[in-house]
1. Just need a number here: residues in the range 45-61 that are surrounded by fewer than 18 Cβ atoms within 10 Å (Cβ to Cβ), in contact with an Asp or Glu (Cβ under 8 Å, 6 or more places away or on another chain), hydrophobic (A, V, I, L, M, F, W, C) and in a helix (DSSP H, G or I).
2. Does any residue of the range 62-69 turn out to be closer than 18 Å to F26 by Cα and surrounded by 16 or more Cβ atoms within 10 Å (Cβ to Cβ)?
3. Quick test of your reading of the structure: R35 fulfils all but one of (1) surrounded by 14 or more Cβ atoms within 10 Å (Cβ to Cβ); (2) at pLDDT 75 or above; (3) not aromatic (F, W, Y). Name the failing condition by number.
4. F122 passes all but one of (1) hydrophobic (A, V, I, L, M, F, W, C); (2) within 20 Å of L47 (Cβ to Cβ); (3) at pLDDT 95 or above; which number fails?
5. What's the number of the only condition in (1) within 20 Å of G12 (Cα to Cα); (2) of a type in the set (S, T, Y); (3) surrounded by fewer than 17 Cβ atoms within 10 Å (Cβ to Cβ) that S121 fails to meet?
6. In the list G120, G133, which residue meets the criterion of being in contact with a Gly (Cβ under 8 Å, 6 or more places away or on another chain) and under 30 Å from E31 (Cβ atoms)?
7. When the residues of the range 70-97 are filtered to those that are free of Cβ contacts under 8 Å to residues at least 40 places away in the same chain and open to solvent by 40 Å² or more (accessible area, probe 1.4 Å), which remaining residue is nearest to Q145 (Cα to Cα)?
8. Looking at the structure I just gave you, is Y25 touching a strand residue (DSSP E or B) at 6+ places or on another chain (Cβ under 6 Å), of a type outside the set (A, V, I, L, M, F, W, C) and farther than 23 Å from L143 by Cβ?
Amino acid sequence: MLRNTTRNQKLGWVLFVAYLTLLVYFVFFAESFGRLPEQRDDYAYNLELFKEIKRFYCYREQLGMKAFLLNVVGNVVAFIPCGFFLPIISRRGRRWYNTILLGFGLSLCIELVQLVFKVGSFDVDDLLLNTLGGAVGYVGNRLVQLVRVRRKKLGKKKT
(Lines give C-alpha, C1' and ligand atoms only; values in the text may rest on other atoms or scores of the structure.)
Protein backbone atom coordinates (compact mmCIF):
# COMPACT_ATOMS: atom_id res chain seq x y z
CA MET A 1 0.00 0.00 0.00
CA LEU A 2 2.67 2.51 0.98
CA ARG A 3 4.87 1.67 -2.02
CA ASN A 4 2.31 2.98 -4.50
CA THR A 5 1.67 6.24 -2.68
CA THR A 6 3.16 9.59 -3.51
CA ARG A 7 5.03 11.82 -1.08
CA ASN A 8 1.95 14.07 -0.84
CA GLN A 9 -0.27 11.10 -0.02
CA LYS A 10 2.08 9.96 2.74
CA LEU A 11 2.15 13.47 4.19
CA GLY A 12 -1.63 13.60 3.82
CA TRP A 13 -1.97 10.37 5.80
CA VAL A 14 0.25 11.68 8.60
CA LEU A 15 -1.73 14.92 8.79
CA PHE A 16 -5.06 13.09 8.57
CA VAL A 17 -4.15 10.76 11.45
CA ALA A 18 -2.98 13.76 13.50
CA TYR A 19 -6.28 15.49 12.70
CA LEU A 20 -8.31 12.43 13.76
CA THR A 21 -6.32 12.20 17.01
CA LEU A 22 -7.06 15.84 17.83
CA LEU A 23 -10.71 15.42 16.84
CA VAL A 24 -11.15 12.42 19.15
CA TYR A 25 -9.42 14.28 21.97
CA PHE A 26 -11.60 17.38 21.67
CA VAL A 27 -14.85 15.48 21.17
CA PHE A 28 -14.40 12.92 23.94
CA PHE A 29 -11.75 14.05 26.42
CA ALA A 30 -11.25 17.83 26.42
CA GLU A 31 -12.23 19.21 29.79
CA SER A 32 -12.48 22.69 28.29
CA PHE A 33 -15.46 21.42 26.28
CA GLY A 34 -17.18 19.94 29.32
CA ARG A 35 -16.10 16.38 28.59
CA LEU A 36 -15.57 15.38 32.20
CA PRO A 37 -16.42 11.79 32.93
CA GLU A 38 -19.90 11.83 34.38
CA GLN A 39 -22.26 9.07 35.31
CA ARG A 40 -25.54 9.62 33.50
CA ASP A 41 -28.39 7.21 33.38
CA ASP A 42 -30.17 8.82 30.44
CA TYR A 43 -29.20 9.14 26.82
CA ALA A 44 -28.91 12.67 25.44
CA TYR A 45 -30.04 13.03 21.85
CA ASN A 46 -31.74 15.38 19.41
CA LEU A 47 -33.46 13.96 16.34
CA GLU A 48 -35.16 17.18 15.23
CA LEU A 49 -33.24 18.95 12.46
CA PHE A 50 -32.29 22.58 13.20
CA LYS A 51 -33.57 22.38 16.80
CA GLU A 52 -30.22 22.98 18.50
CA ILE A 53 -29.03 25.46 15.86
CA LYS A 54 -32.22 27.45 16.37
CA ARG A 55 -31.89 27.23 20.14
CA PHE A 56 -28.29 28.44 20.11
CA TYR A 57 -29.24 31.27 17.77
CA CYS A 58 -32.35 32.38 19.70
CA TYR A 59 -30.57 32.31 23.06
CA ARG A 60 -27.19 33.59 21.86
CA GLU A 61 -27.57 36.64 24.12
CA GLN A 62 -27.97 34.48 27.23
CA LEU A 63 -25.57 31.71 26.21
CA GLY A 64 -22.99 34.09 24.81
CA MET A 65 -21.59 34.41 21.34
CA LYS A 66 -18.75 32.03 22.22
CA ALA A 67 -21.19 29.16 22.87
CA PHE A 68 -23.05 29.92 19.63
CA LEU A 69 -19.87 30.05 17.55
CA LEU A 70 -18.41 26.98 19.24
CA ASN A 71 -21.51 24.91 18.53
CA VAL A 72 -22.45 26.09 15.05
CA VAL A 73 -19.23 27.30 13.44
CA GLY A 74 -17.07 24.89 15.44
CA ASN A 75 -18.90 21.86 14.07
CA VAL A 76 -18.34 23.06 10.51
CA VAL A 77 -14.69 24.00 11.04
CA ALA A 78 -13.95 20.71 12.83
CA PHE A 79 -14.68 18.72 9.67
CA ILE A 80 -13.02 20.96 7.06
CA PRO A 81 -9.72 19.01 7.37
CA CYS A 82 -11.64 15.77 6.80
CA GLY A 83 -12.99 17.01 3.48
CA PHE A 84 -9.63 18.51 2.55
CA PHE A 85 -7.47 15.45 3.23
CA LEU A 86 -9.73 12.65 1.94
CA PRO A 87 -9.10 13.48 -1.75
CA ILE A 88 -5.36 13.53 -1.04
CA ILE A 89 -5.16 10.16 0.70
CA SER A 90 -7.72 8.23 -1.32
CA ARG A 91 -8.64 8.00 -4.98
CA ARG A 92 -12.26 7.46 -3.98
CA GLY A 93 -12.17 10.71 -2.04
CA ARG A 94 -11.57 12.64 -5.25
CA ARG A 95 -15.24 12.32 -6.11
CA TRP A 96 -17.27 14.90 -4.22
CA TYR A 97 -20.05 12.54 -3.22
CA ASN A 98 -17.61 10.00 -1.74
CA THR A 99 -15.94 12.68 0.35
CA ILE A 100 -19.28 13.95 1.60
CA LEU A 101 -20.46 10.40 2.39
CA LEU A 102 -17.21 9.59 4.20
CA GLY A 103 -17.42 12.83 6.18
CA PHE A 104 -21.02 12.03 7.08
CA GLY A 105 -20.00 8.49 8.06
CA LEU A 106 -17.21 9.74 10.33
CA SER A 107 -19.58 12.23 11.93
CA LEU A 108 -22.22 9.53 12.41
CA CYS A 109 -19.66 7.25 14.09
CA ILE A 110 -18.66 10.04 16.47
CA GLU A 111 -22.28 10.86 17.29
CA LEU A 112 -23.11 7.19 17.91
CA VAL A 113 -20.11 6.77 20.22
CA GLN A 114 -21.25 9.86 22.11
CA LEU A 115 -24.72 8.37 22.45
CA VAL A 116 -23.62 4.90 23.52
CA PHE A 117 -20.99 6.06 26.01
CA LYS A 118 -23.07 9.04 27.19
CA VAL A 119 -20.34 11.57 26.41
CA GLY A 120 -21.94 14.64 24.90
CA SER A 121 -25.11 14.01 22.95
CA PHE A 122 -26.25 12.56 19.64
CA ASP A 123 -27.42 15.51 17.55
CA VAL A 124 -28.64 15.49 13.95
CA ASP A 125 -27.69 19.17 13.71
CA ASP A 126 -24.08 18.16 14.38
CA LEU A 127 -24.35 15.59 11.57
CA LEU A 128 -25.53 18.31 9.20
CA LEU A 129 -22.90 20.84 10.27
CA ASN A 130 -20.07 18.30 10.21
CA THR A 131 -21.08 17.11 6.75
CA LEU A 132 -21.20 20.73 5.59
CA GLY A 133 -17.67 21.17 6.98
CA GLY A 134 -16.50 18.14 4.99
CA ALA A 135 -18.01 19.66 1.83
CA VAL A 136 -16.28 22.99 2.51
CA GLY A 137 -12.98 21.13 2.97
CA TYR A 138 -13.50 19.30 -0.33
CA VAL A 139 -14.13 22.60 -2.14
CA GLY A 140 -10.97 24.00 -0.53
CA ASN A 141 -9.00 21.00 -1.76
CA ARG A 142 -10.32 21.41 -5.29
CA LEU A 143 -9.41 25.11 -5.27
CA VAL A 144 -5.87 24.31 -4.12
CA GLN A 145 -5.56 21.69 -6.84
CA LEU A 146 -6.82 24.16 -9.44
CA VAL A 147 -4.22 26.73 -8.36
CA ARG A 148 -1.47 24.08 -8.44
CA VAL A 149 -2.38 23.02 -11.98
CA ARG A 150 -2.51 26.63 -13.22
CA ARG A 151 0.86 27.45 -11.65
CA LYS A 152 2.35 24.35 -13.21
CA LYS A 153 1.04 25.36 -16.65
CA LEU A 154 2.32 28.92 -16.25
CA GLY A 155 5.73 27.61 -15.22
CA LYS A 156 5.94 25.46 -18.36
CA LYS A 157 4.93 28.34 -20.65
CA LYS A 158 7.73 30.57 -19.34
CA THR A 159 10.45 28.06 -20.24
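1. 0
2. Within the range 62-69, the subset closer than 18 Å to F26 by Cα is 66-69.
From what's left, surrounded by 16 or more Cβ atoms within 10 Å (Cβ to Cβ): 68.
Yes - at least one qualifying residue is present in the range 62-69.
3. Among (1) surrounded by 14 or more Cβ atoms within 10 Å (Cβ to Cβ); (2) at pLDDT 75 or above; (3) not aromatic (F, W, Y), R35 violates only (2).
4. (3)
5. So the condition that S121 fails would be (1).
6. Values: G120 fails: in contact with a Gly (Cβ under 8 Å, 6 or more places away or on another chain).
Of the residues listed, the single one that is in contact with a Gly (Cβ under 8 Å, 6 or more places away or on another chain) and under 30 Å from E31 (Cβ atoms) is G133.
7. R94
8. No: the conditions fail for Y25.
The values are calculated or read from the model by the stated rules, or taken from the named source; none is laboratory data. Small disclaimer: the values here were computed from a predicted structure and weren't measured. Note that we place each Cβ from the backbone using ideal geometry, even for glycine, and neighbour counts take in every protein chain shown. Surface accessibility is based on the protein's heavy atoms, side chains included, excluding ligands, DNA and RNA. Shrake-Rupley method; radii C 1.70, N 1.55, O 1.52, S 1.80 Å.
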